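Chemist: To start, I am sharing the structure in question, which I have written as structure tokens.
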Amino acid sequence: MQENFRWHLGTEMRYAIIADIHSNLEALTAVLDDIEQAGGVEEIWCLGDVVGYGPDPRECIAILRQTTNICVAGNHDWAVIGGKNEVDISEFNPDAANADQWTAQQLNDEDVEYLSNLPLVIEKDDFTLVHGSPREPVREYLLSTGAAIQNLSYFETQFCLVGHSHQPIVFTCDETEDCSARYFLPESPVSTKSGSRLIINPGSVGQPRDGNPDAAYAIYDSEQQLVRLYRVPYDIRSTQEKMQAHGLPVRLAARLSYGV
Ligand code: ZN
């Protein structure tokens, strides 16, 4: 009885961290199935770019609305709803702009409302969630240790979660504010025990760019004090066929096969 009681009051929590879904329903569904099979995940933390590029913006928004989650805004989320905070489709390359114009035409009022209500920054427990970086939440790509160091003074929590670059990467920063970077791989989880400040990118669900086409996401386990990366194969062909049917740019569909 005592054990049971403690179990219910326990502080153990598991959170799934997803980023850059980009209207890829097959990838999102595969990731959510994987999360469900892993079990025990209380909440999904979403780092933005729910839409853009892919063929199923409305379906992806609908799924997120039905899931227990917190989610910040990405640059594509704001671009497709008409230039919120001066993020505009015109700043994208032609393929991305094309896809985002198509996306904007698909959304209904509720979808637009959902996207426009996404906050820029969320603080949750020891984590700050942003799309790009704490310094420039929807614009900056955090890919260098120099940028990581400069961003340390822009968030107050011990850890920060970012997306935007679609690269699974971990920055580990010590008290002297010196940061090192490494690829975030499934076989090498990140410990949150060491006292270091961490900036973690879980990679992209819907358009990986690290040479691995499998969908990427992470799980933070607060009892084990670990953040672990997962890669999930999904039906890429089906996403590509839908993109083709909608007349979305060929290069955007092709890149999914290679994870670039
Ligand atoms: Zn993105």
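Chemist: What list of ³J(HN,Hα) couplings, whole Hz, do you get for region 133-141 from phi and the Karplus terms 6.51, -1.76, 1.60, once you set θ to phi - 60° and write x for glycine and proline?
Modeler: 7, x, 6, 9, x, 10, 10, 7, 8
Chemist: A further question follows. Over the chain, with every protein chain in place, what whole percent of the accessible area is carbon and sulfur at 1.4 Å, could you tell me?
Modeler: Taking all protein chains in place, the chain shows 46 percent carbon and sulfur surface.
Chemist: So what is the calculated 222 nm ellipticity per residue for the chain, using -39500 (n - 2.57) for each DSSP H run with n of 4 or more, over all residues, to the nearest 500 deg cm²/dmol?
Modeler: After summing the helix terms and dividing by residue count, I get -9000 deg cm²/dmol.
Chemist: Rounding to the nearest 10 and keeping the result within 0 to 90°, find how far the Cα-based axis of helix 94-106 lies from the longest principal axis of the chain.
Modeler: The answer is roughly 90 degrees.
Chemist: Where does helix 57-66 land angle-wise versus the long Cα axis of the chain, in degrees 0 to 90, nearest 10?
Modeler: In the chain, helix 57-66 runs at an angle near 30 degrees to the longest axis.
Chemist: Got a sec to turn the phi values of region 110-127 into Karplus ³J(HN,Hα) couplings, 6.51 cos²θ - 1.76 cosθ + 1.60 with θ = phi - 60°, whole Hz, x for Gly and Pro?
Modeler: Per residue, the Karplus-derived 3J(HN,Hα) values read 5, 4, 4, 5, 4, 5, 6, 8, 5, x, 6, 9, 10, 9, 9, 6, 8, 10 Hz.
Chemist: To continue, here is another question. Rolling a 1.4 angstrom probe over the protein chains, ignoring ligands and nucleic acids, what is the accessible area of residue 110 in square angstrom, nearest 10?
Modeler: Residue 110 has an accessible surface of roughly 110 Å² with all protein chains in place.
Chemist: Which order do the peptides 120-126, 217-223 take when ranked by the mean count of other beta-carbon atoms within 10 Å per residue, highest first?
Modeler: 217-223, 120-126
Chemist: In the full protein assembly as shown, how much of residue 139 is accessible to a 1.4 Å probe, in Å² to the nearest 10?
Modeler: Only protein atoms counted, so the area is about 100 Å².
Chemist: Place a label point 7 angstrom from the Cα of residue 257 along the Cα-to-Cβ direction, then list the residues of region 22-56 whose backbone nitrogen is under 11 Å away.
Modeler: Flagged as within label range: none.
Chemist: I'd like the Karplus ³J(HN,Hα) series for region 194-201: coefficients 6.51, -1.76, 1.60, θ = phi - 60°, whole numbers in Hz, and an x wherever there's a Gly or Pro.
Modeler: My calculation for region 194-201 gives 6, x, 5, 8, 10, 10, 10, 10 Hz in order.
Chemist: A follow-up question, please. How many Å² of accessible area per residue for the chain, probe 1.4 Å?
Modeler: Ligands and nucleic acids excluded, the result is 45 Å² per residue.
Chemist: Measure nothing but the geometry: give the 0 to 90° angle between the long axis through the Cα atoms of 25-38 and the longest principal axis through the Cα atoms of the chain, rounded to 10°.
Modeler: With rounding to tens, the tilt is 20 degrees.
Chemist: Once you put a point 7 Å from the Cα of residue 37 and another 7 Å from the Cα of residue 178, both along the Cβ direction, what distance in nm separates them?
Modeler: 4.3
Chemist: Can you give the relative contact order of the chain as a percent, counting alpha carbon pairs under 8 Å and 6+ residues apart?
Modeler: Relative CO of the chain lands at 22 percent.
Chemist: OK, next. If the rule is a partner Cβ under 4.7 Å, which cysteines in the chain fail it?
Modeler: Singleton cysteines: 60, 160.
Chemist: Name the residues whose placed amide hydrogens come within less than 5 Å of the amide hydrogen of residue 160, ignoring near sequence neighbours (fewer than 5 apart) on the same chain.
Modeler: Distant-sequence amide H within range of residue 160: 128, 198, 199, 200.
Chemist: Also, quick follow-up: Would you work out the charge dipole size for the chain about its Cα centre, treating the Cβ of every Lys and Arg as +1 and the Cβ of every Asp and Glu as -1, and quote it to the nearest 20 debye?
Modeler: Computed charge dipole of the chain: roughly 460 debye.
Chemist: Further, regarding this structure: Would you grab the residues whose amide H sits under 5 Å from the one on residue 215? Only those 5+ places off in sequence or on another chain, please, with H modelled 1.01 Å from N.
Modeler: The answer is 232, 234.
Chemist: Counting only the heavy atoms of the protein chains, how much of residue 68 is accessible to a 1.4 Å probe, in Å² to the nearest 10?
Modeler: Only protein atoms counted, so the area is about 90 Å².
Chemist: Roughly speaking, what % of Cα-Cα pairs in region 16-257 are separated by over 31 Å, rounded to a whole number?
Modeler: 17
Chemist: Dividing the convex hull volume of the alpha carbon atoms of region 121-260 by its residue count, what do you get in Å³ per residue?
Modeler: 114
Chemist: How much length is gained if the chain between residue 69 and residue 112 is pulled fully straight, taking 0.36 nm per residue apart and subtracting their Cα-Cα distance, in nm to one decimal?
Modeler: Length gained, residue 69 through residue 112: 13.7 nm.
The values are calculated or read from the model by the stated rules, or taken from the named source; none is laboratory data. Every value quoted in this text rests on a predicted model; they were computed, and no experiment measured them. For neighbour counting, all protein chains shown are included, and Cβ atoms are generated from backbone atoms with ideal geometry for every residue, glycine included. For accessibility, only protein heavy atoms count, side chains too; no ligands or nucleic acids. Shrake-Rupley method; radii C 1.70, N 1.55, O 1.52, S 1.80 Å.
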